[in-house]
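This report concerns only the one structure given below.
The values are calculated or read from the model by the stated rules, or taken from the named source; none is laboratory data. Source: prediction; values computed, not measured. With ideal geometry, Cβ positions are generated from the backbone for all residues, glycine too; neighbour counts draw on all protein chains shown.
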């Protein structure tokens, strides 16, 4: 039987990463990694994202910084898309990526901007002509 924290985690995980992605991850779970999937949903999503206090936007920004610092490009890309889903603006994302370059190093910033461009292209978001506030020029 699923715990309340698991159910809360599942709700947030689907909201941020998308229902299709989460359902696919859970469906692929087997005897080897099923407990890990449960733990991720219950503790990472339910025990952190489900606590309230910080907004989903704030948690997304934190995750981008941490994942860039840890050099985890796959998870960075996943949470970058989640940040867009959570309403983090293009201008805010740009500032986060600049901050990553300063505090994590230019190579981490280069990779973050590369992944950002990849996600923008995949999502059909044109950022080639932005003004200083993040709108299109």
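Couple of notes before you dig in:
- Checked across segment 30-37, the condition of being modelled with pLDDT of 95 or more and closer than 27 Å to residue 96 by Cα holds for no residue.
- Filter result for residue 105 (more than 15 Å from the chain's Cα centre (by Cα), at pLDDT below 95 and farther than 30 Å from residue 4 by Cβ): no
- Some residue of segment 82-96 being closer than 30 Å to residue 7 by Cβ, within 10 Å of the chain's Cα centre (by Cα) and buried (at least 19 other Cβ atoms within 10 Å of the Cβ): yes
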